[in-house]
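To start, the structure itself, in structure tokens.
The values are calculated or read from the model by the stated rules, or taken from the named source; none is laboratory data. Keep in mind the model is a prediction, meaning the values are calculated, not measured. Here the Cβ is made from the backbone with ideal geometry for all residues, glycine too, and neighbour counts use every protein chain on show.
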Amino acid sequence: MIIESRFDDAELRSELKSGRADARPSADPAKMVDQLVHRMRAGAGADFDAYEALLGMNDLVEINYLERGLMAARAVCRISAPALVGDGNEWGTGFLIGPRLLLTNNHVLPTPEDALRATIEFGYELDGSGRLKHSTRFVLTPQDGFVTSPRDRLDYTIVAVAERGDDGTALADLGFLRLDARTGKIDVGDFVTIIQHPDARTKRISLRENKVVKYGDERNAALDDFLWYSSDTAPGSSGAPVCTDAWQVVCLHHAGVPSRSIVDGVEHWALVDGDVAPAAAARRLPADKIRWVANEGVRVSKLLADIEQQVKATPALGAPLIAALVADASGMKPFAGTQPFQSLVGPPIFGAPAIIAAPTLAFETASAPRRRTHPANYFDDRKGYDPEFLGPTVPLPALGPNALRFGTPAKVAGASDDVLRYRHFSVVLNGAVERRLAFFTAVNIDGARWLNLERGNDAWFYDPRIPEDLQIGDELYGNEPGPRNNYFDRGHLVRRLDPVWGDIREAKQANDDTFHWTNCSPQYFGFNQGADLWQGLENFILYNTDEEDVRASVFTGPLFRSDDEEHRGVLIPQFFWKVVAVVDRRGQLYASGYLVSQQDYALDIPFERLPVGPNSTEPGQNFQVSVAKIEAETGLVFPDAVRQADVFNGPMAGRRLRTLADVQHPRR
């Protein structure tokens with residue numbers, strides 16, 4: 001996407017063109033002192049060469065410019081923003097500006113919903129041998145902080161980022177580029193450096209011919225928010241940091257200024273081959289085909305002033321992360337453990353001491369303990385599964401005598417019925433020490449309000465409402481013989497995406513709530529990662545009813561058996577079951593039941609090798625069965641309405657499913 005400047009007047013074009021051609025203006029002693037002070041406070045140091053460079057007498061920079069540039073580049077990422085529908089994708093650049101905060105353009109991430117769908121990727125670049133480095137992806141968490149200004153105003157978005165990436169990398173290890181609200185860091189005739197991902201390509205740096213040609217405009221308030229410079233940028237560079245030689249961010253790149261002219265009353269743009277094209281057609285051309293007069297960036301001082309004004313006008317925007325940014329940028333309260341005004345914060349690139357003031361920086365959280373939990377009041381607003389969700393009442397199943405043979409429900413602090421309530425789903429946990437798995441889970445799915453959140457970092461939590469020794473944690477998973485180091489995966493009982501609906505805060509809470517050990521069950525890695533049919537049952541049934549509001553209630557759990565084998569102190573289930581309930585447009589309730597087997601993998605569990613032989617790499621066998629069959633096998637008692645709504649009329653033993661087409665269920 002080509003983003004051109006919204007400013008188009010003859011005087012501005014004349015100023016930009018003359019700024020490109022003019023020699024460096026005479027140095028202003030007062031401004032030069034300001035820049036030297038900024039440079040020293042930024043941590044870049046200052047000597048006679050810096051003084052001469054400001055005078056335009058030489059182009060020398062300290063060698064630390066390179067190391068500091070690597071630190072700055074580490075905090076710059078490529079942004080992938082999928083389209084709401086279809087397989088389209090917008091690309092941009094962004095960079096970290098404080099603990100867990102990313103800055104980019106509004107036209108890259110206009111809304112919190114766009115941010116939830118997006119992924120940011122750090123380290124997408126070539127190494128010293130010319131090979132691609134290992135990159136790390138993070139998801140965005142706008143519910144933790146989101147402030148934006150429209151594309152036709154200041155065109156910025158600041159959004160919170162998850163603490164860890166897809167490979168476990170701590171975001172804090174990447175450092176950040178601090179924003180400084182004070183002016184005077186740069187002047188017309190100075191040069192800037194831009195780190196960017198042009199056209200979604202590997203990370204690039206623009207070092208040469210990046211002269212500042214216009215700095216604000218005291219006569220025009222709209223123009224005063226921006227800075228113009230000559231630099232090589234391209235679509236995908238939107239959101240890139242524009243920096244001084246001391247790696248202080250002076251503006252956020254957001255647009256280009258094409259060479260415009262009017263031909264027969266129609267706006268035309270000049271092309272690099274000397275031709276011209278109507279603006280409407282030129283906007284569809286690759287950016288390198290356009291003759292650009294200059295590039296345009298949003299001044300950091302103006303951006304920060306706008307954030308502060310927005311937070312004052314709308315206190316709800318002032319999330320703790322955003323409030324900390326405003327306080328740090330003004331110098332009133334620096335980020336914890338950092339020196340005020342230092343432009344680069346983070347661990348060292350090489351073995352030298354870090355460019356920090358104290359060893360208490362936020363990036364030390366990388367060594368946070370693996371045993372995660374929440375405060376006791378974390379779940380106070382969770383209502384759990386709603387029996388009235390479908391219209392017809394569908395209560396939770398009861399634990400019959402046959403179910404209680406395998407244990408009793410774990411006692412839940414603050415719940416007289418021993419039901420663990422999360423956002424849009426509930427869990428009843430078996431408190432037997434040899435089981436410690438859910439008797440069942442129950443979730444409400446609202447397909448019309450569903451949000452497609454990225455998976456995130458797979459950080460599993462203990463639930464503080466139940467003793468930790470009744471929850472199976474990481475001690476069951478990992479460190480097994482074989483190349484994968486794990487025989488069993490952490491398998492979601494309530495599918496991660498099933499409860500992810502509602503407003504952004506609800507959806508994110510639901511997503512995170514599914515990552516509790518109470519919702520986890522050991523599933524053989526080949527079964528868990530290959531069971532497309534089993535995982536797809538909800539969606540298939542949900543979108544094959546004749547009801548446009550597409551709602552469902554789903555019950556899931558392991559099948560406890562007396563012949564389950566013990567592995568690391570836990571009896572491993574050989575089967576899992578599922579009951580799906582939906583209503584049609586007349587309000588008629590339909591239900592169907594299913595069993596899936598991992599029996600081949602849950603018996604004779606090897607310790608010295610991974611399994612070989614029949615079905616060892618294929619997902620488990622899937623069966624559609626009657627609800628009565630599931631009751632008989634599990635000892636659960638479903639409400640009469642569910643049993644009577646069962647659509648299955650096959651044999652009591654069930655019918656094997658080869659594909660979703662074999663599912664017996666009312667269709668559209």
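Within the range 123-157, can you find the residues that are part of a loop (DSSP other than H, G, I, E, B) and either within 29 Å of G256 (Cα to Cα) or in contact with a strand residue (DSSP E or B) (Cβ under 6 Å, 6 or more places away or on another chain) (or both)?
Across the range 123-157, the qualifying residues are G123, Y124, E125, S135, T141, G145, P150, R151, D152, R153, L154, D155.
May I ask you to list the residues in the range 244-278 that are of a type in the set (A, V, I, L, M, F, W, C) and touching a residue at least 60 places away in the same chain (Cβ under 8 Å)?
Once the filter is applied, which keeps residues that are of a type in the set (A, V, I, L, M, F, W, C) and touching a residue at least 60 places away in the same chain (Cβ under 8 Å), the range 244-278 yields A246, W247, V249, V250, L252, A255, V257.
Condition test on L399, is it in the same structural domain as S521 (by TED's automatic domain parsing), modelled with pLDDT under 95, farther than 23 Å from P522 by Cα and surrounded by 15 or more Cβ atoms within 10 Å (Cβ to Cβ)?
So L399 does not fit the description; no.
Quick check: anything in the range 256-266 of a type in the set (V, I, T), under 30 Å from the mean Cα position of the chain (by Cα) and on the phi < 0 side of the Ramachandran plot?
Filtering the range 256-266 down to residues of a type in the set (V, I, T) leaves 257, 262-263, 266.
Those still in the list that are under 30 Å from the mean Cα position of the chain (by Cα) too: none.
Taking every residue of the range 256-266 in turn, none turns out to be of a type in the set (V, I, T), under 30 Å from the mean Cα position of the chain (by Cα) and on the phi < 0 side of the Ramachandran plot.
Which one of these does M332 not meet: (1) farther than 30 Å from L66 by Cβ; (2) in a helix (DSSP H, G or I)?
Unmet condition: (2).
For the range 259-307, list the strands (runs of 3 or more DSSP E) that sit wholly inside it and hold at least 1 residues that are aromatic (F, W, Y) and surrounded by 16 or more Cβ atoms within 10 Å (Cβ to Cβ); which are they?
Values: elements: 260-263, 266-270, 276-278, 292-299.
Correct list: 266-270, 292-299.
If you take just the helices (runs of 4 or more DSSP H) that sit entirely in the range 443-544, which of them hold at least 2 residues that are at pLDDT 80 or above?
504-513
Having 1 or more residues that are at pLDDT below 80 and surrounded by fewer than 22 Cβ atoms within 10 Å (Cβ to Cβ) is the bar; report the strands (runs of 3 or more DSSP E) wholly within the range 554-668 that clear it.
Once the strands (runs of 3 or more DSSP E) in the range 554-668 are filtered for at least 1 residues that are at pLDDT below 80 and surrounded by fewer than 22 Cβ atoms within 10 Å (Cβ to Cβ), what remains is 589-597, 622-625, 655-657.
This table checks each residue for (1) among the small types (G, A, S); (2) out of contact with any Ser or Thr (no Cβ under 8 Å at 6 or more places or on another chain).
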| site | (1), (2) |
| --- | --- |
| G168 | yes, yes |
| L174 | no, yes |
| R178 | no, no |
| D224 | no, yes |
| Q248 | no, no |
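Just one of (1) over 30 Å from G587 (Cα atoms); (2) crowded, with 21+ Cβ neighbours inside 10 Å; (3) of a type in the set (A, V, I, L, M) trips up A413, so point out which.
Single failed check for A413: (2).
Look at V298 and say whether it is in contact (Cβ under 8 Å) with a residue 60 or more places away in the chain and of a type in the set (A, V, I, L, M). Steps first, please.
On the way: in contact (Cβ under 8 Å) with a residue 60 or more places away in the chain: yes; of a type in the set (A, V, I, L, M): yes.
So V298 passes the test.
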